[in-house]
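The values are calculated or read from the model by the stated rules, or taken from the named source; none is laboratory data. Quick caveat, the model's predicted, so the values are computed rather than measured. Note that we place each Cβ from the backbone using ideal geometry, even for glycine, and neighbour counts take in every protein chain shown.
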Amino acid sequence: MSKTRKARQYGERIAVGVTAEQRRRLEDILRARARTGQMTSMADVLRTAVNLFIAQQDDIPGTRAAITRKLEGRFEAVEERLLALEGQLREQAELLEQLVAFFRKKREGG
């Protein structure tokens, strides 16, 4: 991608301070990617890190984490409803068994 195209794509700039250890780890990532033929820049690595961080935030609507949390809540509600229905079904099955037993007794003359 050309520099002018990247400049248009990434029109916002943010200055971020990092520790020496964070800088060293970022450089380790760059070296590891260069060894595998994935030439990239420090800015690309930082953008990837920011995107991953944003995607993990469950308080931002539309992020993977928020969607996952919402789905987990829905699954729990469905599970609770199924358990309630299972209890009702068990009760109805017991009543049906009692009715069958009652009518059997009546038919047999008891």
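Look at region 22-33: where a residue is touching a residue at least 40 places away in the same chain (Cβ under 8 Å), no partner that is not aromatic (F, W, Y) sits 6+ places away or on another chain with Cβ atoms under 8 Å. Is it the case that region 58-70 has a residue that's at pLDDT 90 or above and either in the same structural domain as A15 (by TED's automatic domain parsing) or surrounded by 10 or more Cβ atoms within 10 Å (Cβ to Cβ) (or both)? Within region 58-70, none of the residues are at pLDDT 90 or above and either in the same structural domain as A15 (by TED's automatic domain parsing) or surrounded by 10 or more Cβ atoms within 10 Å (Cβ to Cβ) (or both).
Residues in region 12-39 that are among the hydrophobic types (A, V, I, L, M, F, W, C) and not in a loop (DSSP other than H, G, I, E, B): 6 in all. Within region 27-57, being loosely packed, with under 13 Cβ neighbours inside 10 Å and basic (K, R) holds for R31, R35. Looking across region 40-57, the residues that are modelled with pLDDT under 85 and part of a helix (DSSP H, G or I) come down to I54, A55.
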